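See below for the structure under consideration.
Only the coordinates and a few stated rules stand behind these numbers; no lab work does. Just so you know, these numbers come straight off a predicted model, no measurement behind them. Here Cβ is always computed from backbone atoms with ideal geometry, including for glycine, and neighbour counts include all displayed protein chains.
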Amino acid sequence: MNSSKCNSHGDHECGQCTCHEGRDGRNCQFDTKDPDAPCRPLDSTMVCSGRGTCDRGDCKCSSRGNPEEKVSGKFCECDNFSCSRFGGLICGGNGKCECGKCECESDYMGDDCSCPTSNSACNASNGLICNGQGDCKCGKCICHATLYTGEHCQTCPSLCAEMRDCVQCKAFRPGESDSDGCKKCQEQVILVDDVKEAGPQTQMCRFNDKKDDCTFFFTYEYDTNQQLVLKAQRTKHCPPPVPVLAIVLGSVLGVLAIGLAMLLTWRLVATIRDRREFEKFMKERAAARWDKEVNPLYKGPAATFSNPNFLSR
């Protein structure tokens, strides 16, 4: 009576359940008045989590358009495609999606399996994790609250601006011992013919000296005792002097050349125009015809007179 094998709603006889009134199913698992009840979780009113249909007390999960995407679970509450993604891949391509959660491979961790368990990606060139200036989290260096930066916290804060006045004073203006730059400078500055970046720990600095408009160079690094070493290039790089006289003469000659060119151009245009006018005049003169008989005052050079007393014989 009321066997547990029949969900306490039926009798188990001869290997099968005989359900009480109002119950049905192989194990008397669903109520005939509410046949979808077995397909709803206790904390939900949605049948089969909205991703399936209820068939005689059992959820039949719907299929997806992508055959690789599966919905599963007693109430169709699980799937293999709704896990966190990294780089556009489910579980970052480093794990499997099981019921909405990533199960990462042994070399990875995190909600999306994007974090390597090894710290090898954080090793600096000196063998220290994050150069000893940071912590390795998820395969990336998180530098301490200092000025160190870079992929492995290897870039130390620059002292170029801070050491500028010191180098200027001791290397190029030793007579200005009373200046603020000299008073604050306790480091020794070594003069060399040419400064070079000897290694990753050497920092090159360059600045322009406003007094002579020349550029000076220096480097700094820390020795084995963590003492600051400053090296300044003995000679500055100065721009060539501006040839003022050449610029003035060039400007004057340029103006004269332009004026002469304009004068010659005007003269050439005037000559061409005069020649055209003269040729036009000569053509018109050659084409003119003069009629000599139109002058009424014209008289011939010979005159004829008649003598009335002369009788022809």
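Expressed in nm to one decimal, what extension gain is obtained for the pair Arg273 and Gln186 from 0.36 nm per residue of sequence separation less their Cα-Cα distance?
23.0 nm
Pairs to check: Lys33/Lys74; Lys170/Lys210; Lys5/Lys70; Lys184/Lys210; Lys70/Lys140; Lys184/Lys236. Give those whose C-alpha atoms are more than 25 Å from each other in this structure.
Lys5/Lys70; Lys70/Lys140
For region 1-60, what is the charge dipole size about the Cα centre, in debye to the nearest 20, if Lys and Arg each add +1 at the Cβ and Asp and Glu each add -1 at the Cβ?
Value, rounded to 20: 200 debye.
Around Glu105, with a cut-off of 15 angstrom between Cβ atoms, what is the net charge of the other residues, counting Lys and Arg +1 and Asp and Glu -1?
-3
Do the sum for the chain: with -39,500 (n - 2.57) for every DSSP H run of n ≥ 4, divided by all residues, what is the mean residue ellipticity at 222 nm, to the nearest 500 deg cm²/dmol?
Value at 222 nm, helices only: -6000 deg cm²/dmol.
Given a Förster distance of 22 Å, report the FRET efficiency between Tyr222 and Glu151 from their Cβ-Cβ distance, rounded to the nearest 0.05.
Efficiency, from the Cβ-Cβ distance: 0.55.
Which one of Gly52, Gly150, Gln16 is farthest out on the positive end of the charge dipole of the chain, using unit charges on Cβ (Lys, Arg +1; Asp, Glu -1) and the Cα centre as origin?
Gly150
Using a Förster distance of 41 angstrom, determine the FRET efficiency expected from the C-beta separation of Cys138 and Lys70, and round it to 0.05.
With a Förster radius of 41 Å, E is 0.90.
Using unit Cβ charges (K, R positive; D, E negative) and no other charged atoms, how large, in debye to the nearest 20, is the dipole of the chain about its Cα centre?
Dipole size: approximately 3320 debye.
Dividing the convex hull volume of the alpha carbon atoms of the chain by its residue count, what do you get in Å³ per residue?
Cα convex hull per residue, to the nearest whole number: 631 Å³.
What range in the chain is the longest one free of chymotrypsin sites (Phe, Trp or Tyr not before Pro) that are in a loop by DSSP and have at most 15 other Cβ atoms within 10 angstrom?
82-289
Residues of region 20-34 with backbone nitrogen within less than 15 Å of a virtual label 7 Å along the Cα-to-Cβ line of Met1, please, listed as ranges.
20-21
What lysines could a cross-link reach from Lys280, if we take a straight Cα to Cα line under 28 Å and drop same-chain neighbours fewer than 8 places away?
Lys292
Dipole of region 42-106, Cα-centred, from +1 at each Lys and Arg C-beta and -1 at each Asp and Glu C-beta, to the nearest 20 debye?
With Lys and Arg at +1 and Asp and Glu at -1, about 140 debye.
Using the charge dipole of the chain (Lys, Arg: +1 at Cβ; Asp, Glu: -1 at Cβ; taken about the Cα centre), state which of Asn208, Leu42, Thr219 has its Cα farthest towards the positive end.
Of Asn208, Leu42, Thr219, it is Asn208.
Using DSSP loop states and a limit of at most 16 other Cβ atoms within 10 Å to flag GluC sites (Glu not before Pro), what is the longest stretch of the chain containing no flagged site?
Looking at the chain, 198-313 is the longest stretch - no exposed GluC sites (Glu not before Pro) with at most 16 other Cβ atoms within 10 Å.
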